[in-house]
1. Looking only at residues in the range A:438-454 that are part of a loop (DSSP other than H, G, I, E, B) and in contact with a helix residue (DSSP H, G or I) (Cβ under 7 Å, 6 or more places away or on another chain), which one is farthest from the other protein chains (Cβ to nearest Cβ)?
2. In the range A:65-74, is there at least one residue being over 28 Å from residue A:419 (Cα atoms) and not aliphatic (A, V, I, L, M)?
3. Exactly one condition in (1) at pLDDT below 95; (2) under 11 Å from residue B:120 (Cα atoms) is not met by residue B:187; state its number.
4. In the range A:351-365, is there at least one residue being within 13 Å of chain B (Cβ to nearest Cβ), buried (at least 21 other Cβ atoms within 10 Å of the Cβ) and in a strand (DSSP E or B)?
5. Scan B:457, B:435 and give me the residue that is on the phi < 0 side of the Ramachandran plot, assigned to a strand (DSSP E or B) and surrounded by 24 or more Cβ atoms within 10 Å (Cβ to Cβ).
6. Give the residue, chosen from A:76, A:31, A:70, that is in contact with a Pro (Cβ under 9 Å, 6 or more places away or on another chain) and within 12 Å of chain B (Cβ to nearest Cβ).
7. Return the residues of the range A:369-390 that are in contact with a strand residue (DSSP E or B) (Cβ under 6 Å, 6 or more places away or on another chain) and at the interface with chain B (Cβ under 10 Å from one of its Cβ atoms); say none if nothing qualifies.
2 protein chains.
Amino acid sequence: MSTTEFQLIDAAVEAAGAVAGFWAASAPSVRSGLLRGLASGLEQYQAALVALADEETGLGAGRLNGEVARTAFQLRGFADEVEAGVPYQTIDDQAAAGAPPVGRPRLTRTHEPLGPVAMFSASNFPFAFSVLGGDTASALAAGCPVVVKTHSGHPRLSRAVHEVAQGVLDGMNLPGGLLGLVDGASRAAGLHLVAHPQIAAVAFTGSYQGGTALWKAANERRRPVPFFGELGSINPLIALPGILERDSEALANTLAASITQGTGQFCTSPGVIVLLDHPASDRFVAQLSAALQPIKTHRMLTPGMRNGFDAGVAHLLASDAASQVFEPLADSEGPAPRLFKVDAKAFIEDANLREEMFGPAAVVLTVESIEQATAVLHAIGGSLTATLWGFEDATDDTRALLRAARQIAGRVLFSGVPTGVAVTHAQQHGGPWPASTQPQSTSVGYAALQRYLRPVALQDAPAWALAQQGAQP
Amino acid sequence: MSTTEFQLIDAAVEAAGAVAGFWAASAPSVRSGLLRGLASGLEQYQAALVALADEETGLGAGRLNGEVARTAFQLRGFADEVEAGVPYQTIDDQAAAGAPPVGRPRLTRTHEPLGPVAMFSASNFPFAFSVLGGDTASALAAGCPVVVKTHSGHPRLSRAVHEVAQGVLDGMNLPGGLLGLVDGASRAAGLHLVAHPQIAAVAFTGSYQGGTALWKAANERRRPVPFFGELGSINPLIALPGILERDSEALANTLAASITQGTGQFCTSPGVIVLLDHPASDRFVAQLSAALQPIKTHRMLTPGMRNGFDAGVAHLLASDAASQVFEPLADSEGPAPRLFKVDAKAFIEDANLREEMFGPAAVVLTVESIEQATAVLHAIGGSLTATLWGFEDATDDTRALLRAARQIAGRVLFSGVPTGVAVTHAQQHGGPWPASTQPQSTSVGYAALQRYLRPVALQDAPAWALAQQGAQP
């Protein structure tokens, strides 16, 4: 990292800092206008951007066009939130006469945008978790400028999307500092960005190792700032014998597709399949194997990720507690899908067996009891999702497993597969550590904008001061 | 710290862990019944408890009876929140047909209590921020058991209040594990408590040094947990010449009382008075001195706090940038009030001049411009409060200072003094680091219970699973 590169980072942050006050005070129509303009800008250049993204990521035009649609949808969704007044919401407690605790002054709860947000793009969503992705959309909606750190997996796309965004800002006479871009693959660049005194919050989606290094840097600042990091998840799925007796083949096909979707490079990819010791479970594993084995995958996002996946596979192959359910076929462009059986007791005891394998693989655990299934969930700990199949009825067993699932996950599914995260008000994409460094926040869905607002109570405020905190819509 | 003491801590946490599931699923009537029972229990034994508290803290019966009233008020206030269904609130997004991003499954946003909370009592509120204080009330309301670490300043009171609480639990056939108590003044005891794997969140009010040590321990766990810490605040107050020309004597008397209230041992004690260079400011300083100098204080809460205050005074006395506005009179039971003038430029540049003096003292800064006043606020950084006197009208000056105040403080006052924090829905008691380690949370007011809830989205949940997440009121 040269001095010049540090200077470019400083310049981007200072440009964001210079416009933070303007943007915090911006009217709803200006803020939503920008978000809608950015959505339209993406669509205007969609064909060229998707071609560039496909070149850099290999994710394919179908998937990438869908991702642009999702990214534009959520930019417009946050524009709707702004127009509905969400970032400007207040709670007003009138004064009450008398001595405390009953007597009190007038208090109005308002929200202050935190300030410039450092946003680290993810590798696996070059649109939806990158330059104009959910973190950027929610921060801009909340009233915060953003400085994007590009991901080394798609640097040209990042610059191209940033150019589109700068064109939109120019066209609306808005300052370019509202959306900065910082290049550079080095860890030093990321640490320098997080340490900058004008950065007020950090959003990160990526690896445990990279994420914890940045999280530590945020905590080691003279004034630590909120760090919203998504650091990994192995997404357990429990299928009870009852549902497998009824419907196992369709479920096996659905699950095989989910495990291999995007060559398994989804943070919500189901990584651990928990089954009870039962003939229906055995049949399901055979069906899952048959569905999984022939699936062709596209290449992984970066050589580093491919190396990481191969290392994870080698680790399990070397373990006495793990065995392959089937011999993988030859690799296609991407690695051949893998399925491992891991001894449940060993899985509970050995954290090395519980590491995320980012790629088209899953492990199957056969548990001897509901208690052991519960122990598996607790051993996994923080997870973005937990999927419960066959939980239509309340029994002691389903109640106990739901309780455990709620304790470890941000989203609990009762049907379908965890890949695919809808952008809605109820959505929660986060979970206890390491799924999120701030488990009470979400990085997908409209609640994501709350990450960038800090409550400020105004006591006995004059009318002008109440109006100042963002023009009321 | 002996092995036995560690074992007692472990036992308290494990007892809390054993009842966490029961309490998370408890019906509103049971939860609010306990909170109301605890309020009544405090009142039933109020005379004896206040006498004991006065012996240990020297805060005086008047203040302590008021504090019991506040503590009972907020226990009942959180009971009202529970009965209104706040911890059980959900957001329901119906399924939508079609392909993503429009098409989506049904999602219901629910909230899961985090689990056992380690709560560190404060020295300066032996009732309201101690065993049955706001942290405990809000955690119990949210559905979390609490393990209280007593403060060494009032150990006997802590045990007595805990006995009252255990009597209430017994009388309602509720498990004692809902409210544990951990004795022991050592730092090792606190670290052991925070590191316990079953602790799911930490609440702390106290010193910067002690708080950061515990915060680091929470972050160094194998699975870090949310740490809600209030670590200090110097609470700037800006008085513009206009209001001082009209009303300076009354304001001086009010401010002198606030600086010395409780011998200055309030986290919201106004520590920095910022004045513009103006004859009205000079007159105000003279009036403040006249009001402050003769005030008698009661003894400080602990010898350690007294030593800390004396060291802070000595530090300023030795500084070239600081001078005393008046010679203090002889100490009464507590230290004589002090007022310092500090050079504004030096204050901005030297963090040592900005350290919190916990006790009856404040510093006066005379600034040469609104810009310099703004720089003072930014140098102070995170603060629980900022008080703005003479801000009735919107001008460029008042707008600029309000913006700076909003950026650094959790509460901005336009009249009165920051000591005294009403328990309401709009209240915000927190602020950027070091006022709070989680600046988006509050430790006073009804929003405090949100600290202990984590969103969990249920996807396509059957009816029984929606009912399980806490009985709907």
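The values are calculated or read from the model by the stated rules, or taken from the named source; none is laboratory data. As the structure is a computational prediction, the values presented were derived from the model and not from experiment. When we count neighbours, we look across all protein chains shown, and the Cβ atoms used for this are built from the backbone with ideal geometry, even at glycine. Note: areas computed on protein heavy atoms with side chains; ligands, DNA, RNA excluded. Shrake-Rupley method; radii C 1.70, N 1.55, O 1.52, S 1.80 Å.
1. Out of the qualifying residues, it is A:443.
2. No; the residues of the range A:65-74 include none that is over 28 Å from residue A:419 (Cα atoms) and not aliphatic (A, V, I, L, M).
3. Of the numbered conditions (1) at pLDDT below 95; (2) under 11 Å from residue B:120 (Cα atoms), the odd one out for residue B:187 is (2).
4. Checking the range A:351-365: not a single residue is within 13 Å of chain B (Cβ to nearest Cβ), buried (at least 21 other Cβ atoms within 10 Å of the Cβ) and in a strand (DSSP E or B).
5. Residue meeting the stated conditions: B:457.
6. The match here is A:70.
7. Within the range A:369-390, A:385, A:386, A:387, A:388 meet the criteria.
Residue-wise test of (1) more than 7 Å from chain B (Cβ to nearest Cβ); (2) more than 30 Å from residue A:107 (Cβ to Cβ); (3) out of contact with any strand residue (DSSP E or B) (no Cβ under 9 Å at 6 or more places or on another chain).
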residue	(1), (2), (3)
A:392	no, yes, yes
A:402	no, yes, no
A:406	no, yes, no
A:411	no, yes, no
A:425	no, no, no
A:428	no, no, no
A:431	yes, yes, no
A:456	no, no, no
A:461	no, no, no
